[in-house]
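Structure first, then comments.
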Amino acid sequence: QVQFVESGGGLVQPGGSLRLSCAASGSIFSRYVMGWYRQAPGKQRELVASIASTTSGGSTNYAASVKGRFTITRDDAKKTVYLQMNSLKPEDTAVYYCGATFMGVLRGSWGPGTQVTVSS
C-alpha cells in the first residue's frame, strides 16, 4: 500500500510562507497524479492542488482559494511532492495531507498530515 509522510507545517503569521513536503513510497510514483489536501476543524477534506505525472506534462490545478498563492511541484527521483505556500491567510489553517491517484483511483492511505496554523 502506498504510504505518505507529510512535513513542513508550523505556525506562521498572516502573509508568511511555508513549504510542505510529502515523501511517498511505491514503485510507480512517477506515474501518479499527486495532490495536496487540507482539512480544517469542522470542515470536509478538500483538494487544494494537484500535479500530473511528469511524462504526462506535469500540469497543475489549484483550488480557487489558493490559486496564485500556492505552487505544487514534484521530484520523481526523490518520490516527493512539495507545496510552496505564500501569502498565507488565517483561513489556510488546517491539517494538510498528501494523496495520489493512479488511473483515476485514489491510492494508498492518508498519512499523519502536517498542521499549518496561520495566526497573529
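The values are calculated or read from the model by the stated rules, or taken from the named source; none is laboratory data. As the structure is a computational prediction, the values presented were derived from the model and not from experiment. Glycine gets a Cβ as well: all are built from the backbone with ideal geometry, and neighbour counts include every protein chain shown. What goes into the accessible areas is simple: the full protein's heavy atoms, side chains included, and nothing from ligands, DNA or RNA. Shrake-Rupley method; radii C 1.70, N 1.55, O 1.52, S 1.80 Å.
What the table below lists for this structure:
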{"quantity": "Residue within region 44-51 that is among the acidic types (Asp, Glu), modelled with pLDDT of 95 or more, open to solvent by 60 Å² or more (accessible area, probe 1.4 Å) and part of a strand (DSSP E or B) present", "calculated": "yes"}
{"quantity": "Tally of residues being crowded, with 18+ Cβ neighbours inside 10 Å and modelled with pLDDT under 95 across region 101-120", "calculated": "2"}
{"quantity": "Selected residue (criterion: farthest from the chain's Cα centre (by Cα)) from residues of region 78-120 that are more than 17 Å from Ser21 (Cα to Cα) and among the hydrophobic types (A, V, I, L, M, F, W, C)", "calculated": "Met103"}
{"quantity": "Lone qualifier among Arg38, Arg74 - being open to solvent by less than 20 Å² (accessible area, probe 1.4 Å), of a type outside the set (A, V, I, L, M) and at pLDDT 95 or above", "calculated": "Arg38"}
{"quantity": "Residues of region 61-70 classified as surrounded by fewer than 17 Cβ atoms within 10 Å (Cβ to Cβ), at negative phi and not basic (Lys, Arg), total", "calculated": "4"}
{"quantity": "Candidates Lys78, Lys67, filtered to the one that is of a type outside the set (Ser, Thr, Tyr) and farther than 19 Å from Phe4 by Cβ", "calculated": "Lys67"}
